[in-house]
Amino acid sequence: MSSEWLESEGRTVAIRVRNVSKHYAMFQRPEDRFKQMVVPRLERLIGRPSRRYFRDFAALSNVSFDIGRGETVGIIGRNGSGKSTLLQIICGTLQSTSGSVEVDGRIAALLELGAGFNPEFTGRENVFLNSSILGIPRKEMEWRFDDIARFADIGPFIDQPVKTYSSGMYVRLAFATAINVDPDILVVDEALAVGDEAFQRKCFARIEQIKERGGTVLFVSHAAQAIVQLCTRAMLIDNGELILQGVPKRVIGQYQRLVNLNGEEGLSIRKQIVEMGEATIGNREESHPSDAPGQEASQLHHIDESWHDPSLTSHSRVEYESQGAEISRLRIIASDGREVNVLVHGEKYTYQYDVLFSEDIYNFGFGMLINTRSGLGIAGIGKGTSGSPAIKKVNRGSRIKVSIDFVTNLLPGVYFLNAGITGATSSGGGFVHRIIDGLAFRIAPVADLEATGLVDLGVAGRYQLID
């Protein structure tokens, strides 16, 4: 997003990044570092071309963007893509090789675990040390300290050396210090993933407060729903390059296409995303799709947003031995007939699989069950024949296509589908074939979703003011 666009919206620029690159010299052997210090100089002295004993690694390559005051921007990308390096350069803890960064306002940062605190100092001493680095007078921090200690909630450990802290205690104190100095800009680098669930909720509530008072928030996270829920904009970084930015939901969708792909397939998807980013530079609708004339939000939230992610596969699949039937071709079908595995919250889909019978089966039944990552069964169907006439016998050699309709009331995340066929054969009854976690699917992130837990039950709250 350009500074001209922000100025046209009447917003000042809080962070301006221009053509920032960061390069590192990678040495294959320890002695190559010494050779690089000495040999090229000698070769230049005697007029020979100098050799290079290192491999140049670009952690960031020519990254440029503007963040307006009051924006909340999420950065996402694969591990090693350069996200943390970028944040460190913005915060001034790392020098870029080239380019420039301008920051307007007091910046508070929560970077990787271990940054900014002296492990030999107590928590109390580190709070005051950190505030002095930010230029906050000690007297001001003395009246802020009780709020910091209350938010961190680490009890008497506040007066113990930080080196004795667990990772969770450390991040509690670090975040409490960062957000209680009234920063104009808050920068968070995935540190919140260390804290427990209750603390994360408290942190996100405080981030919302910073947003409401006009503060700027920039954070790195692999939590797709958090970026969609909190951010006004998202940026996708890959191999040190900013390849896409815009509406969080759209950027997250492209990241999920890319994240597990490598080789030629990964390069092909990456090229498509880069072209998509180039096509939308300066496009107002990309930044504010709901502002498009005559286009309602409900029209944007459409079944066409379903798609198939080839990298989304089940690694926990367990297949029972066949006892007279065999299940195959598990798939999810959208209303327009496409096979998909990235689904839209609240839409209707059909789960299908084929069955080939190698024996005569009596009292045929079928079923499905949706599981979480941890194996918790959420919802499904048991006998499965209530919507069709009962089949007392299926003859050997027969084929049946099973279709099960369901509505995606699940909250965003990754889930797994089971498939099962029941019946009786000459050798007994029960499951004649069953597949556990046979198919993985994802519910795409949803903006402004208030439901919590695993399933959206349509819960709605209300209140009445009483005298």
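The values are calculated or read from the model by the stated rules, or taken from the named source; none is laboratory data. Computed from a predicted structure; not experimentally measured. Using ideal geometry, Cβ is built from the backbone for each residue, glycine included, and neighbour counts are taken over all protein chains shown.
From the list SER403, SER426, which residue is out of contact with any Ser or Thr (no Cβ under 9 Å at 6 or more places or on another chain) and either in contact (Cβ under 8 Å) with a residue 12 or more places away in the chain or farther than 27 Å from HIS345 by Cβ (or both)?
Exactly one residue qualifies, and that residue is SER426.
Of everything listed in (1) free of Cβ contacts under 8 Å to residues at least 40 places away in the same chain; (2) surrounded by 13 or more Cβ atoms within 10 Å (Cβ to Cβ); (3) within 30 Å of GLY168 (Cβ to Cβ); (4) not polar (S, T, N, Q), the single unmet condition for PHE117 is (1). When restricted to residues that are crowded, with 21+ Cβ neighbours inside 10 Å, in a loop (DSSP other than H, G, I, E, B) and within 13 Å of the chain's Cα centre (by Cα), segment 65-80 contains 1. For segment 336-375, taking the residues that are acidic (Asp, Glu) and within 26 Å of the chain's Cα centre (by Cα), the one that is farthest from GLY430 (Cα to Cα) is identified as GLU347. When you check ALA205 against the structure, is it surrounded by fewer than 19 Cβ atoms within 10 Å (Cβ to Cβ) and either among the small types (Gly, Ala, Ser) or outside the structural domain of GLY77 (by TED's automatic domain parsing) (or both), yes or no? Yes, satisfied.
Against the test of being under 30 Å from ASP56 (Cα atoms) and either surrounded by 22 or more Cβ atoms within 10 Å (Cβ to Cβ) or touching a residue at least 12 places away in the same chain (Cβ under 8 Å) (or both), the options LEU236, LEU267, LEU230 yield a single qualifying residue, LEU236.
So GLY99 passes all but one of these: (1) of a type outside the set (Ser, Thr, Tyr); (2) at negative phi; (3) in contact (Cβ under 8 Å) with a residue 60 or more places away in the chain. Which condition number does it fail? Of everything listed in (1) of a type outside the set (Ser, Thr, Tyr); (2) at negative phi; (3) in contact (Cβ under 8 Å) with a residue 60 or more places away in the chain, GLY99 misses just condition (2). Screening segment 338-387 for strands (runs of 3 or more DSSP E) wholly inside it with 2 or more residues that are touching a Phe, Trp or Tyr at 6+ places or on another chain (Cβ under 7 Å) returns the ranges 348-357, 361-371. Considering only residues in segment 1-37 that are farther than 30 Å from ARG233 by Cβ and polar (S, T, N, Q), the one that is modelled with the highest pLDDT turns out to be GLN28.
From the set of residues in segment 12-53 that are touching a helix residue (DSSP H, G or I) at 6+ places or on another chain (Cβ under 6 Å) and without any contact (Cβ under 8 Å) to a residue 60 or more places away in the chain, which is surrounded by the most Cβ atoms within 10 Å (Cβ to Cβ)? Residue satisfying both the conditions and the ranking: TYR53. For segment 35-64, filtered to residues that are outside any loop (DSSP other than H, G, I, E, B) and among the charged types (D, E, K, R), the residue that is nearest to the chain's Cα centre (by Cα) is ASP56. Restricting to segment 142-156, name every residue that is assigned to a helix (DSSP H, G or I) and closer than 20 Å to CYS203 by Cα. Result: ARG144, PHE145, ASP146, ASP147, ILE148, ALA149, ARG150, PHE151, ALA152, GLY155.
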